[in-house]
Amino acid sequence: MEKVKLETESVSGNIKLINCSIKYWDFIRKLRNKNIGFVQQVKITHYQQILYMKNHNKDYKVCILNNIPVGFIGEVDFDLRLAVHERYQNKGVAKYMLKNFKTKKHTIGKVKKDNIHSKSLFISCGWKLTDKIGDDYYYENGK
């Protein structure tokens, strides 16, 4: 476990990325269903999540802060998926995940045009804006 000082004084402690075991599948589903920042917002049922995670759990990590799940990050087919629980947003959790999650070369992060925080996050972590299509911005890791 790594002791990391996050970007605000209100959140600090032990933070780590762990493998996505079955006990976190519903956490990811609930966070995914609640998070309005996703480009495609479709409600995911418990059953759909089980089917999906059976095939993709190895592609995800869960971010644990002081033994509490606070976010997730994953990559499926070169598409990055990332979310942080609203209580822990804008505190450095997403930056920690993005910097410590190993992505494949040319992985894409897709961000809504009006999501200023996510656009800043990708740029601050060295990702490059590669395309703008409609209301979506595409960032590539370029590793």
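Every number here is computed from the coordinates shown, using simple stated rules; none is lab data. Nothing here was measured: the structure is a model prediction, and the numbers come from that model. Here Cβ is always computed from backbone atoms with ideal geometry, including for glycine, and neighbour counts include all displayed protein chains.
Considering only THR103, ILE116, GLY13, and ranking their Cα positions along the charge dipole of the chain that arises from unit charges at the beta-carbon of Lys, Arg, Asp and Glu, the one farthest toward the positive end is GLY13. Of LYS95/LYS119; LYS30/LYS105; LYS43/LYS104; LYS30/LYS104, which sit over 19 Å apart, Cα to Cα? The answer is LYS30/LYS105; LYS43/LYS104; LYS30/LYS104. Label positions at ASP79 and HIS46, each projected 7 Å from the Cα along the C-beta direction, are separated by 2.6 nm.
Past the 19 Å Cα-Cα mark, which pairs from LYS23/LYS91; LYS23/LYS58; LYS23/LYS110; LYS16/LYS58? Pairs exceeding 19 Å: LYS23/LYS91; LYS23/LYS110. Residue exposure proxy: VAL42, VAL76, ordered by other Cβ atoms within 10 angstrom of their Cβ from fewest to most, comes out as VAL42, VAL76.
Full extension of the segment from LYS128 to ASP26, taken as 0.36 nm per residue of separation minus the current Cα-Cα distance, would add 33.5 nm.
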